[in-house]
Amino acid sequence: MVDYEAIAGAIRAIIAKDHINLAETLAERIAQAVLADSRVRRVVVRVEKLHALPGAESAGVEIERHN
């Protein structure tokens, strides 16, 4: 069974470590952290930044990675 609290902690650690300029970079780092657990075969990560563009609710990226 995947430990979702551990995943949440890993995401918090990634965010707290340093400023990440690109949503794509953040999504990749999260995917790598999740896939570090050998039980995880596939991860889909969606990252959105609210009010990133004038006139838009948000801008973001969605990636899918496999082990």
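Derivation of every value follows stated rules applied to the coordinates shown; laboratory data play no part. These numbers were taken from a predicted model, which means no experiment stands behind them. Cβ atoms come from the backbone with ideal geometry, glycine included; neighbour counts cover every protein chain shown.
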Checklist entry - How many percent of the alpha carbon pairs in the chain exceed a separation of 14 Å? => result 61
Checklist entry - With r defined as the distance between the Cβ atoms of residue 67 and residue 21 and R0 fixed at 35 Å, what FRET efficiency is calculated, to the nearest 0.05? => result 0.80
Next on the checklist: Between 0 and 90 degrees, rounded to the nearest ten: what's the tilt of helix 4-17 against the longest Cα principal axis of the chain?
Outcome noted: 50
Checklist outcome for this item: Within the under-12-Å Cβ sphere about residue 63, not counting residue 63, Lys/Arg +1 and Asp/Glu -1 give a net charge of 0
Checklist entry - Against the longest principal axis of the chain, how steep is helix 23-35, in degrees 0 to 90 to the nearest 10, with axes from Cα atoms? => result 10
Next on the checklist: 7 Å from Cα along Cα→Cβ at both residue 6 and residue 41: what's the point-to-point distance in nm?
Outcome noted: 1.9
